[in-house]
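Each value in this text was obtained by applying a stated rule to the coordinates, not by laboratory testing. Quick caveat, the model's predicted, so the values are computed rather than measured. Neighbour counts are summed over all protein chains in view; Cβ atoms, including those assigned to glycine, are modelled from backbone coordinates with ideal geometry.
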Amino acid sequence: MHSFQYRNRSLHCEQVDLAALAEEHGSPLYVYSANTIRDHYRRLATALAPLDHHIAYAVKANSNLAVLQLLATEGADFDIVSGGELFRVLKAGGSPSGCTFAGVGKTRAEIEYAMSMGIYCFNVESEAELRFINQVAGEAGIIAPVAVRVNPNVDAKTHKYISTGKSDNKFGVDFERIPDLYARAAKELTNVELRGLQMHIGSQLTTVQPFIEAVQKVAPLAAQLKAEHGIQFLSVGGGIGIVYHDSLASGDGDWWDNQAGEETALTIESYAAAIIPVLQPLGLKILFEPGRMIVGNAGVLLSRVLYKKHGSAKTFTIVDAGMNDLIRPALYQGHHDIVPITEPDGQNETIDVVGPICESSDFFAQDRELPKLEEGDLIALLSAGAYGFTMASNYNSRPLPAEVLVDGANATLVRRRQSFDDLIAGESVAGAHAENTD
Ligand code: LLP
């Protein structure tokens, strides 16, 4: 988080004053640091250098074209989960031959689109999907590259909504069934090439242990599939957690050097050191699908205090961002640090920070001791670069916020704020005048 710092008492992203950005572009406003994204990507690549590896950035974390283009320039490949994400990657200059396509519910249209573009691999989540891809490939007269996602039944020890590697999750194929599935596919499904094996046990993992458990369990299986079917790669998914608490306090340090409690247990280096010895002997290409660790601490959401309300039980600070802009607190009880844009002078109060949405789950902090805020003040919700804008919605007919990418002293508006006309684009009213409504 070293790219967000107070300078002259005003919070900056790299060399750009965030207050000035909010004045120019309004709020709520997402701001991303290009150099933080580059730094995280390069650190991961360096830590994984001993392996023959590829980093397939998980597009779902932050899919702004400018972010994708930046990562494509760094040499990243891309992990996609929809036709829309593939479209974005291609628009941003990414190569289809570096794309892996995950997800439990790919449609025919998405499969055909991805096949026509020539993606690197379909990461298949069920036998039914494998057979369907084989059928679609047969109709197109091609051989489709596939990897099956193995569900290793390992507890990722993360929030239950983002845990994916247990048998009761909808993801992947049971570990025990994989050898038989590959054997039958090799025999019966003539329009797929068994190119790899994939896994992903969950997101925001804060200790290295579940990763170790998962790779130790899956590595022998990958070796077996290499011997029997000549697979080329093993993807170990994403999931590296980030520091969400006291992330600004790390000053010019790295976000993973932060000493704030258990979240520090997982570092890029400890992750790499733990898994490399297990993976290296396989002689396979190893794919990684990081999302959050690349972009999470590279972004903030700026918001302005609209009103203060002193109730009998609580003090509410009502801001102009809502759960439609950043849903993580409402959906996963996710914590985001909140700091004033103007460096505080030490006076604190215990408040709830809430948005304007008509839901009691529309909060960013509850009973949190924060620097005293006044109406009109700007705040920054930290660590909002991953699963922030990509999960934003138009709920309550609120236009989506704008996004700015900062690179050194330059700030570029990389997505303009939606207008009211954007809100109704594509809609029409039933009846005779429908054709006149766009
Ligand atoms: N690969 C696969 C197959 C995935 O499903 C995911 C994330 C990733 C890679 C990237 O995981 P990461 O490195 O970002 O942890 N919206 C939630 C997170 C959902 C993650 C979904 N899958 C949140 O805001 O915490």
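What's the FRET efficiency of Thr350 with Arg7 using the Cβ-Cβ distance as r and R₀ = 35 Å, to the nearest 0.05?
Computed FRET efficiency for Thr350 and Arg7: 0.75.
Quick query: amide H of Tyr6 versus all other amide H atoms, modeled in the peptide plane; which residues come in under 5 Å with a sequence gap of 5 or more or a different chain?
His12
Could you check the spin-label model distance between Lys285 and Glu112? Points 7 Å from the Cα along Cα→Cβ, value in nm.
2.8 nm
Straight-line reach from Lys157: which aspartates and glutamates have a Cα under 18 Å away, not including same-chain ones fewer than 8 places off?
Asp168, Glu213, Glu262, Glu263
With θ taken as phi - 60° and the coefficients 6.51, -1.76 and 1.60, list the Karplus ³J(HN,Hα) couplings across the range 391-406 in order, rounded to whole Hz; mark glycine and proline as x.
Whole-Hz 3J(HN,Hα) from phi for the range 391-406: 9, 6, 9, 8, 3, 6, 6, 9, x, 5, x, 7, 10, 10, 10, 9.
Could you sort the peptides 175-188, 210-223, 103-116, 50-63 by per-residue average Cβ neighbour count (10 Å cutoff), highest mean leading?
Descending packing order for the listed peptides: 50-63, 210-223, 103-116, 175-188.
Enumerate the aspartates and glutamates that Lys285 could reach by cross-link, defined here as Cα to Cα under 13 Å, with residues fewer than 8 away along the same chain left out.
Asp52
So if we plug the beta-carbon distance of Gln209 and Gln333 into 1/(1 + (r/R0)^6) with R0 = 30 Å, what FRET efficiency do we get, rounded to 0.05?
Approximately 0.85, to the nearest 0.05.
List the trypsin sites (Lys or Arg not before Pro) within the range 126-167 that DSSP assigns to loop and that have no more than 15 neighbouring Cβ atoms inside 10 Å.
Lys157
Given Cα pairs under 8 Å that are at least 6 residues apart, what percent is the relative contact order of the range 34-293?
Averaging sequence separation for qualifying contacts and normalising by length gives 20 percent for the range 34-293.
If the chain between Asn394 and Leu413 were fully stretched, how many nm would it gain, using 0.36 nm times the residue separation less the Cα-Cα distance?
Full extension from Asn394 to Leu413 adds 4.8 nm.
Need one word for the range 297-423: rounded, prolate or oblate. Basis is the Cα gyration tensor (sqrt eigenvalues a ≥ b ≥ c); a/c below 1.5 gives rounded, then a/b vs b/c decides.
oblate
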